[in-house]
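Asks: Pasting a structure below so you can have a look.
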Amino acid sequence: MAERGVESGKAGSNGGEAEKSLKDKGNEFFKAGNYLKAAALYTQAIKLDPSNAALYRHVNRAAAFLSLVKLSKALADAETTIKLNPQWEKGYFRKGSVLEAMEKYDDALAAFEMALQYNPQSAEVSRKIKRLGQLQKEKQRAQELESLRSNVNMAKHLDSFKSELSANYGAEELWKEMFSFLVETMETAVKSWHETSKVDTRVYFLLDKEKTQTDKFAPAVNIDKAFESPHTHSNCFTYLRQYAEESFSKAACLVTSKSSISYPQVWKGQGSRKWKLGQNDGIFVQFESPSIRNVWFIPSSKEKGQTLCRDPQALDIGAHEILPRIFKEVSKSS
């Protein structure tokens, strides 16, 4: 952190040349970057100085301690400086610098504003205040990002799909079970992406607890090879159709990253297939049931070094399906 030069000050009446010599040597070591030696010499000077001139030694030692990242000691010296002379802007400036290093931006800003009161012409203090305002905004945004990453809530983005489920499946227990299944699948994928920047390419099945032979059918099938070629793609969805039927699954969800797909490349092409969500990677989630099919893309971006999933974007499944229909189609009237 950039620091002002040390204060030269004046020797006290009872410190004499010894105190002045220690102070001067301390300044020399400080300017040379030997902050440990500078702090030691300032300490000796403080002990020799019985008068208010100790004010200069404390503010200088605070600068040395700050450069050594001994922040508690630096803050104590800054507070002592302010106590010795409450109207000297240097003490507040030093206090603000220490608090800034501690990332206590609100308190640092208050200290710099006090410094500006006692020295309104200081361009350096004004720059610090401007910088602190920016740091406050950055810290607040970092906290917001962490909250977004930690508190994943996909349900709030799926109200229209919830209504569609309710309209197609009259039994409340069934459509709510399907909705919870989709939300949980999405949220698990997003949390994995936040932690590792990847998801496993899988199809998750909502198994029938009463009919499914759980020793034979697992709730998830790994299909990471499905998008290597048209042949593997065809074989995969043929297998998934059979799996869905024999397991008595009520619904299924495909999860895969955009970068994992080499066939079909659903984000390329023209017309209705033209991709409009940028070049960044993200997660596809395709929901399959006998009556309803839907697909979403959850874009991913980097901000302040953190991976963040954005809101899911509903896509036209006719243009952007990742896999063909898994379940035999059942109309609403059925």
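Read-outs: derived from the displayed coordinates by stated rules, not from any lab. Note that the structure is predicted; figures quoted are calculated from it, not measured. Quick reminder, even Gly has a Cβ in these numbers, built from the backbone with ideal geometry, and neighbours come from all protein chains shown.
Asks: What is the extension gain from N235 to L36, computed as 0.36 nm multiplied by their sequence separation minus the C-alpha to C-alpha distance, in nm to one decimal?
Replies: Working: separation 199, 0.36 × 199 = 71.64 nm, distance 7.05 nm.
Difference between extended and current length: 64.6 nm.
Asks: Looking at this model, which pairs from K90/K302; K128/K156; K137/K274; K25/K128; K37/K83; K70/K304 are more than 32 angstrom apart at the alpha-carbon?
Replies: Values: K90/K302 40 Å; K128/K156 41 Å; K137/K274 37 Å; K25/K128 29 Å; K37/K83 25 Å; K70/K304 27 Å.
Table pairs above 32 Å Cα-Cα are K90/K302; K128/K156; K137/K274.
Asks: What shape does region 177-267 have by the C-alpha gyration tensor, where a ≥ b ≥ c are the square roots of the eigenvalues, rounded means a/c under 1.5, and otherwise prolate means a/b greater than b/c and oblate the rest? Could the numbers behind the result be given before it?
Replies: Working: a/c = 2.28, a/b = 1.21, b/c = 1.88.
Because a/c hits 1.5 or more and a/b fails to exceed b/c, region 177-267 counts as oblate.
Asks: Under the definition of Cα pairs under 8 Å and six or more residues apart, what whole-number percent is the relative contact order of the chain? All intermediate terms of the calculation are to be shown ahead of the outcome.
Replies: Working: 493 pairs, mean separation 32.7, N = 334.
Across the chain, relative contact order equals 10 percent.
Asks: Could you give the length gained on full extension between K209 and S166, defined as 0.36 nm per residue of separation minus the Cα-Cα distance, in nm? All intermediate terms of the calculation are to be shown ahead of the outcome.
Replies: Values: separation 43, 0.36 × 43 = 15.48 nm, distance 2.12 nm.
That works out to 13.4 nm of additional length.
Asks: Further question on the same structure: So which aspartates and glutamates can K250 reach, going by Cα to Cα under 13 Å and dropping same-chain residues fewer than 8 places off?
Replies: Here the aspartates and glutamates satisfying the reach criterion relative to K250 are E173, E177, D208, E210, E288, E329.
Asks: Compute the Cα gyration tensor for region 55-121, then decide on rounded, prolate or oblate, letting a ≥ b ≥ c be the square roots of its eigenvalues: rounded whenever a/c is under 1.5, prolate when a/b is larger than b/c in the other cases, and oblate in all that remain.
Replies: Oblate is the answer for region 55-121, as a/c is 1.5 or above yet b/c matches or exceeds a/b.
Asks: Follow-up question, since we're still on this one. Quickly work out the K83-to-W275 label distance, labels modelled 7 Å from Cα along the C-beta direction, and quote it in nm with one decimal.
Replies: Label-label distance for W275 and K83, simple model: 6.4 nm.
Asks: OK, next. What's the local net charge at L174, with K and R +1, D and E -1, over the other residues with C-beta under 11 Å away? Write down the numbers at each step before the final one.
Replies: On the way: positive: K176, K250; negative: E172, E173, E177, D208.
Net charge around L174: -2.
Asks: A further question on this structure: Please identify the helices of the chain, taking whole runs of DSSP H, that span at least 15 Å along their own axis as judged from the Cα atoms and have a mean Kyte-Doolittle score of -0.5 or higher.
Replies: Details: long enough: 16-31 (23 Å, -1.47); 35-48 (20 Å, 0.61); 54-67 (20 Å, 0.29); 71-84 (20 Å, 0.31); 89-101 (18 Å, -0.74); 105-118 (20 Å, 0.21); 123-150 (40 Å, -1.32); 172-196 (36 Å, -0.41); 230-246 (24 Å, -1.20).
Qualifying helices: 35-48, 54-67, 71-84, 105-118, 172-196.
Asks: Run through region 103-211 and list the GluC sites (Glu not before Pro) located in a DSSP loop whose Cβ has at most 13 other Cβ atoms within 10 Å.
Replies: Working: sites: E103, E113, E124, E138, E144, E146, E164, E172, E173, E177, E184, E187, E195, E210; in loops: E103, E210.
When the GluC sites (Glu not before Pro) of region 103-211 are filtered for loop state and at most 13 Cβ neighbours within 10 Å, E103, E210 remain.
Asks: Right, something else. Would you mind computing, in nm to one decimal, how far apart the modelled labels at V69 and K328 are, each placed 7 Å from Cα along Cα→Cβ?
Replies: Roughly 6.8 nm, to one decimal.
Asks: With only Lys, Arg, Asp and Glu charged, each at its Cβ (+1 for the first two, -1 for the last two), find how big the charge dipole of region 289-334 is about the Cα centre; round to the nearest 20 debye. Intermediate values should be presented prior to the final figure.
Replies: Numbers: 7 positive and 5 negative charges, 20 e Å.
Charge dipole of region 289-334: 100 debye, to the nearest 20.
Asks: Using the Cα centre of region 154-320 as origin and beta-carbon charges of +1 (Lys, Arg) and -1 (Asp, Glu), tell me which of M186, A319, F205 is placed farthest towards the positive end of the dipole.
Replies: Toward the positive end, the furthest listed residue is A319.
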